[in-house]
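Enquirer: Let me begin by handing over the structure; questions about it come next.
The values are calculated or read from the model by the stated rules, or taken from the named source; none is laboratory data. Every value quoted in this text rests on a predicted model; they were computed, and no experiment measured them. Using ideal geometry, Cβ is built from the backbone for each residue, glycine included, and neighbour counts are taken over all protein chains shown.
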Ligand SMILES: [Zn+2]
């Protein structure tokens, strides 16, 4: 029985994936006490960002431990509590995608979006940018988010390195064209801009720590041409050339995010795959689970893909629920956690599951 509160050794790589049904957060220990947090979601029991909860359990101070906070894209299921994580990680660089949409661009400029446009996404974003402004006024003038696109080196120490694989230059160009079409004078003459889909702007991440390599797929999808999405990543001659042993499956296992050449060209045979569900769209589907399990050596998901029956309540409440909403299902349930640790030089990883996390069956 392995204790969740045990910290990894200095030479031990860790990838922890959290997801409660809707929501995703990845916590990585590169080694040497250097951690990064990719995306964020809230644990409904503690009402705190799960990454901060986890550092609490490990007895770590995020201000000292966390070197990078990466927001892969501004979708609600990836940014719940992200500003609180950024706030606690006072030494960390905060990384965002260089490709935005118009609404996000307005937030960066400080133009408050019209109220009906505001959602959790924009609010977390506003708070993160206000936080950066606060930090700047208090001590340093050079504080800015790190704007990531393909081939941006995000981190490099003796412990390891982190590199962005997306968004592609074509996706970034589309963002610039979208903004240009809004400019007075240019707008009338600009060719009609092709708008990016939000998942096209997501940051996929390549991590190396010694001989261990991990590919975090974010929500990046295949892309509509060879120069966007995963197609652009695989086609790039500038991407890291090694093969990853660990994969955070892209976009909750959806078919539209599964580029076969990622498996054949960027991953070791039989990699270890982890994913979170997105129960609002019933992702991953049964066929997705089968496809992933057949390609991975082992694969784990943090929670069931379909909404589940809530835990039993007091008998009177239970009776009422059964009468008025017999089919009540939860989209966000208890937090699932898959933790993978690999010692440098060791061949077998240790894999732990907590909460509703489960292993995919080989078809
Ligand atoms: Zn998502």
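Enquirer: Just name the residue that is surrounded by the most Cβ atoms within 10 Å (Cβ to Cβ) out of those in the range 212-233 that are away from the ligand (no atom under 16 Å from the Cβ) and under 16 Å from the mean Cα position of the chain (by Cα).
Expert: Step one: list which residues in the range 212-233 are away from the ligand (no atom under 16 Å from the Cβ), which gives 212-215, 223-228, 231-233.
This time we only want the ones that are under 16 Å from the mean Cα position of the chain (by Cα), so: 214-215.
Working: 214: 26, 215: 24.
By that ranking, first place goes to 214.
Enquirer: Can you tell me which of 267, 272, 247 is under 21 Å from residue 347 (Cβ atoms) and either within 15 Å of the ligand (Cβ to nearest atom) or under 16 Å from the mean Cα position of the chain (by Cα) (or both)?
Expert: 247
Enquirer: Moving to a separate point now. What's the number of the condition residue 106 fails, among (1) in contact (Cβ under 8 Å) with a residue 12 or more places away in the chain; (2) away from the ligand (no atom under 16 Å from the Cβ); (3) closer than 26 Å to residue 150 by Cβ?
Expert: The one condition residue 106 does not meet is (1).
Enquirer: Take the range 26-37 and flag every residue that is part of a loop (DSSP other than H, G, I, E, B) and on the phi < 0 side of the Ramachandran plot.
Expert: Listed by number, the list is empty, since nothing qualifies.
Enquirer: Could you count how many residues in the range 40-50 are within 16 Å of the ligand (Cβ to nearest atom) and either closer than 20 Å to residue 205 by Cα or more than 17 Å from the chain's Cα centre (by Cα) (or both)?
Expert: Number of matching residues: 2.
Enquirer: Looking only at residues in the range 7-25 that are under 26 Å from residue 308 (Cα atoms) and outside any loop (DSSP other than H, G, I, E, B), which one is nearest to the ligand (Cβ to nearest atom)? Spell out the reasoning first.
Expert: Start the filter on the range 7-25 by keeping residues that are under 26 Å from residue 308 (Cα atoms), which leaves 16-25.
Then keep just the ones that are outside any loop (DSSP other than H, G, I, E, B); that gives 16-19, 25.
Details: 16: 17, 17: 13, 18: 13, 19: 9, 25: 11 Å.
Of everything passing the filter in the range 7-25, 19 is nearest to the ligand (Cβ to nearest atom).
Enquirer: Here is a further query. Test each condition in (1) touching a strand residue (DSSP E or B) at 6+ places or on another chain (Cβ under 9 Å); (2) in contact (Cβ under 8 Å) with a residue 40 or more places away in the chain for residue 257 and report the one that comes out false.
Expert: Every listed condition holds for residue 257 apart from (1).
Enquirer: Still on this structure, please answer the following. Can you find even one residue in the range 168-175 that is assigned to a helix (DSSP H, G or I) and within 16 Å of the ligand (Cβ to nearest atom)? Steps first, please.
Expert: Kept after step one, since they are assigned to a helix (DSSP H, G or I), are these residues of the range 168-175: 169-175.
When the remaining residues are screened for being within 16 Å of the ligand (Cβ to nearest atom), the result is none.
No, because not a single residue in the range 168-175 is assigned to a helix (DSSP H, G or I) and within 16 Å of the ligand (Cβ to nearest atom).
Enquirer: Have a look at 295, 270 and point out the one that is free of Cβ contacts under 8 Å to residues at least 40 places away in the same chain, more than 22 Å from residue 231 (Cβ to Cβ) and touching a helix residue (DSSP H, G or I) at 6+ places or on another chain (Cβ under 9 Å). Can you show your working first?
Expert: Details: 295 fails: more than 22 Å from residue 231 (Cβ to Cβ).
Criteria check complete, one pass: 270.
Each row is one residue, and each column tells you yes or no for (1) modelled with pLDDT of 95 or more; (2) in a helix (DSSP H, G or I); (3) under 21 Å from the mean Cα position of the chain (by Cα).
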site: 289; (1), (2), (3): yes, yes, yes
site: 294; (1), (2), (3): yes, yes, no
site: 313; (1), (2), (3): no, no, no
site: 317; (1), (2), (3): no, yes, no
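Enquirer: How many residues does the range 62-94 contain that are out of contact with any helix residue (DSSP H, G or I) (no Cβ under 8 Å at 6 or more places or on another chain), away from the ligand (no atom under 16 Å from the Cβ) and either farther than 25 Å from residue 30 by Cα or modelled with pLDDT under 95 (or both)?
Expert: 1
Enquirer: Quick check: is even one residue across the range 234-246 crowded, with 24+ Cβ neighbours inside 10 Å and modelled with pLDDT of 95 or more?
Expert: Taking the range 234-246 and keeping what is crowded, with 24+ Cβ neighbours inside 10 Å, we get none.
No, there is no match, as no residue in the range 234-246 is crowded, with 24+ Cβ neighbours inside 10 Å and modelled with pLDDT of 95 or more.
Enquirer: Quick one: is residue 338 outside any helix (DSSP H, G or I), away from the ligand (no atom under 16 Å from the Cβ), touching a strand residue (DSSP E or B) at 6+ places or on another chain (Cβ under 8 Å) and touching a residue at least 60 places away in the same chain (Cβ under 8 Å)?
Expert: Working: outside any helix (DSSP H, G or I): yes; away from the ligand (no atom under 16 Å from the Cβ): yes; touching a strand residue (DSSP E or B) at 6+ places or on another chain (Cβ under 8 Å): yes; touching a residue at least 60 places away in the same chain (Cβ under 8 Å): yes.
For residue 338, the condition - outside any helix (DSSP H, G or I), away from the ligand (no atom under 16 Å from the Cβ), touching a strand residue (DSSP E or B) at 6+ places or on another chain (Cβ under 8 Å) and touching a residue at least 60 places away in the same chain (Cβ under 8 Å) - is met.
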